[in-house]
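Scroll down for the structure; my scribbles are underneath it.
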């Protein structure tokens, strides 16, 4: 990727990383370059000889503009996500947490700003504290605390941003609620049900559909049953690699075999190994376990089937 220019500000270094990573992630039909002090130019091939030019502001400038144009009363905005981590692609969005002094209720907005797709999570300190402890922590996926703890404060760090980072760190360090025996049994039952579906699938389409659902459940089970934070969707492989690189590679190998070679044996072995310390596959479940505190989300779709 090269190295950022020496003696540059944090914003310049972030901009350099963003452009470099977009260049690296672009396909043969995309070219990315720095168009000026605060712009990114993306050239996309849309035909045999035609190119579409897209000029975007830098991530920092875009967020500054968004704050001024859409959230004039914001006390601070945290820029987070793949672009900030240097893992963005030409299709990445800007993930921002907007902190206002006082709101009737927290809300979320999705919009386009000068070529950037934007996901904005808008809070005041009170609603942010509530979502940290009463929404994200019980879910086992610390999305908002992570964005605040790791994000870049815009326009600059201040007393409020520092206090919110302390709060976010407290949530992360507290960890997710410990799974109970009924939680573990419900997850074992859901995983077992999907494993049975892939043992002898009627066709490749059914194998792919069932295995896709199983990946999330199995990864979530491994993390939550061990008292660790979990993740969602595309962030699950990164979380697995962070916690256990060898296991992450087993996941890749097992699910690649199912999707490309119509073989479920490695997924079944992986599932058996991960469930064994907790009682193995689970073919029976009591009503009291199933309906304690309502039906778990992972089971609801299975029951509907």
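Observations on the model:
- Here is the size of the range 179-285 from its Cα atoms: Rg then Dmax, 13.0, 37 Å.
- Placing a label point 7 Å from the Cα of residue 196 along the Cα-to-Cβ direction, the residues of the range 246-282 whose backbone N falls under 13 Å from that point are 281-282.
- FRET efficiency for the residue 233 to residue 253 pair, using the beta carbon distance and R₀ = 25 Å, is estimated at 0.80.
- Peptides 258-265, 63-70 ranked from most to least packed by the mean count of surrounding Cβ atoms within 10 Å: 63-70, 258-265.
- In this simple spin-label approximation, residue 91 and residue 212 carry label points 7 Å from Cα along the Cα→Cβ vector, and these lie 1.4 nm apart.
- Projected label points at residue 174 and residue 260, each 7 Å from Cα along the beta carbon direction, are separated by 4.3 nanometres.
Values quoted throughout were computed directly from the atomic coordinates according to the rules given, and no laboratory measurement underlies them. Quick caveat: nothing in here was measured; it's all calculated off a predicted structure. Heads up, the Cβs are rebuilt from the backbone with ideal geometry, glycines too, and the neighbour counts pull from every protein chain shown.
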